[in-house]
Every structure is written in structure tokens, then in C-alpha cells.
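Chemist: So that we are looking at the same thing, I have put the structure below in C-alpha cells.
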Amino acid sequence: MNKRRAALILGFLAMAAVLTAGGAAQTPKPRDYTARLVGHAHIDLSWLWRWEETVHDIAVQTFKGTLAQMEKMKGLTFAQSQAGLYEAIERDYPALFSAIREKIKAGTWIPVGGMWVEPDLNMADGEALARQLLYGKRYFLDKFGVDVKIGWNPDSFGYNANMPQLYRNAGIDAFITQKIGWNAVNVFPHRVFWWEGPDGSRVLSYFPFDYDDREQNNTVRNMAITVRAEIHGTRYVDAQDALRLGARIGDEGDDQ
């Protein structure tokens, strides 16, 4: 398979935590969890290729392939970010866009991120990031009637300290990323935590175990133990709430 045609699928393995009546965690067992898989295509809009190739090759093949799999596997759920990419598909491939819109109505295709693209979060100033959220959320509302609540930026190498304030002001209260884990010296110690900005705004944040298989040699049980220890004290401590673990299917995601 041509790597630049390959879709990166992020599997988010959802595990329902089992708690005792008093709140103390029991020893996790594999059958204590319910596993669910949500696909995602991490599409770099312009990296080793031009924007035109992103739209007319990578995005089209990714979305057509996803829709085809949805027809084969009823109930397959897929999450996709970046309003600007949806707009390009709407303009150049209206039939494909209509098919995506029907899946969104059915609840099996979920817009996430709330931004126009997945931007760098280091160099952009606050106004630029606010506009990302303004235009992104407006597009998802206008086209699909979806008010995105999940911030989604897995590939930024750093984060503006004011992002919790910007997210909360945009109506987003949760954030998913993972690139900060790429550090061999100052290892970030948490997976699930409240990220608090200078003004006191907070978003519940989750860092998956990466979007490739470097952590996958661990068992589900061991990964569950690692994350479970951090969810106490958050509003998602309820036994039915989901923890997500990243897994890769296919070729290198950044070489799509």
C-alpha cells in the first residue's frame, strides 16, 4: 500500500473501570472491561506533500475507505477533526460530503477538535487560536448541527498555557493530545488530569499511550492500572466512563 494513500487509524480502546461501592479500586481483570474502537485519521494537511494532494488523494481515499468499512461493519464509529478539510471535500466532492453528513446524522461519524485545522500551539498567538475555534466550531454547527465539545490536537509539540481559557470560552471542556510524551528527559508524569490555565479555567485532559505501538507490548490490564490511578478526583471517576488507549493500524501516519 502506498504510504501516502494509507489512513492512520487511531484505535481508542475504551475500558469501563470497575469500582467498589466504597470507591476503592479492585484488581482489574480483563473481563471487567468493555472494549470499544473508534477510528480516526490523523491527516497532516501539508508536510511531505502539497495541499492539493492532501485533498484530492489522501483525504478522498481515507474518507471513501472509511465509508466503505462502515457499510461492511455496521456500528463502526469514526472521529475526524479539521473543519478546513471538510470544507475542501464539500467544495470538490459534494457526493462524498453528503455521505459523510449522513453518517454524522446517524451518530457514527463524529466531528472533533472544533478548530479549522490542527494548528501549532506554540507559535500562534491567542487571537489566531481563538479564530481557529471560532471558524471551526461555526462550520461544524452550520453544516452538521454539531457543537464540538472535545479539543483534539494530537500532533503539536507544545501547548500555549492559555489553551484552557480559549477552549472553555469556546464551549470545549475536554482535550486530547499526546506529543508531549515524546521526551526522553522531562517525562510528563500524567495521563488523565485537569489542565488549568493562568486565569483558573480548566479542561479535563487525556494523553493516550501514543499513536503507534511502542506501548502496546504492555497488557491491557497493566495499562488500565496505570490510567486508573489518575482518574480519582476527576469528574470521570464513574465506573461507566471510558479510558482510551492509542493503537495503530496500517502504515506510518505521517507518511499518508
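The values are calculated or read from the model by the stated rules, or taken from the named source; none is laboratory data. What you see is a predicted model, and the numbers here were worked out from it, not measured in a lab. When we count neighbours, we look across all protein chains shown, and the Cβ atoms used for this are built from the backbone with ideal geometry, even at glycine.
Chemist: Taking Gly65, is it surrounded by 13 or more Cβ atoms within 10 Å (Cβ to Cβ), under 22 Å from Asn169 (Cβ atoms) and at pLDDT 95 or above?
Modeler: no
Chemist: Checking Val117 against (1) touching a residue at least 60 places away in the same chain (Cβ under 8 Å); (2) surrounded by fewer than 16 Cβ atoms within 10 Å (Cβ to Cβ), which test does it fail?
Modeler: For Val117, the failing item is (2).
Chemist: Got at least one residue in segment 139-151 being of a type in the set (Gly, Ala, Ser) and within 24 Å of Gly39 (Cα to Cα)?
Modeler: For segment 139-151, residues of a type in the set (Gly, Ala, Ser) and within 24 Å of Gly39 (Cα to Cα): present.
For every residue, the table says whether it meets (1) out of contact with any His (no Cβ under 7 Å at 6 or more places or on another chain); (2) at pLDDT below 95; (3) part of a helix (DSSP H, G or I).
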{"position": "Ala88", "(1), (2), (3)": "yes, no, yes"}
{"position": "Lys105", "(1), (2), (3)": "yes, no, yes"}
{"position": "Met115", "(1), (2), (3)": "yes, no, no"}
{"position": "Asn122", "(1), (2), (3)": "yes, yes, no"}
{"position": "Tyr135", "(1), (2), (3)": "yes, no, yes"}
{"position": "Arg138", "(1), (2), (3)": "yes, no, yes"}
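Chemist: Could you go through segment 185-200 and let me know if any residue there is crowded, with 20+ Cβ neighbours inside 10 Å, modelled with pLDDT under 95, within 20 Å of the chain's Cα centre (by Cα) and in a loop (DSSP other than H, G, I, E, B).
Modeler: yes
Chemist: Separate question: Among the residues of segment 70-78, is there at least one that is touching a residue at least 12 places away in the same chain (Cβ under 8 Å), out of contact with any Ser or Thr (no Cβ under 8 Å at 6 or more places or on another chain) and either within 17 Å of Leu141 (Cα to Cα) or surrounded by 17 or more Cβ atoms within 10 Å (Cβ to Cβ) (or both)?
Modeler: Checked segment 70-78: no residue is touching a residue at least 12 places away in the same chain (Cβ under 8 Å), out of contact with any Ser or Thr (no Cβ under 8 Å at 6 or more places or on another chain) and either within 17 Å of Leu141 (Cα to Cα) or surrounded by 17 or more Cβ atoms within 10 Å (Cβ to Cβ) (or both).
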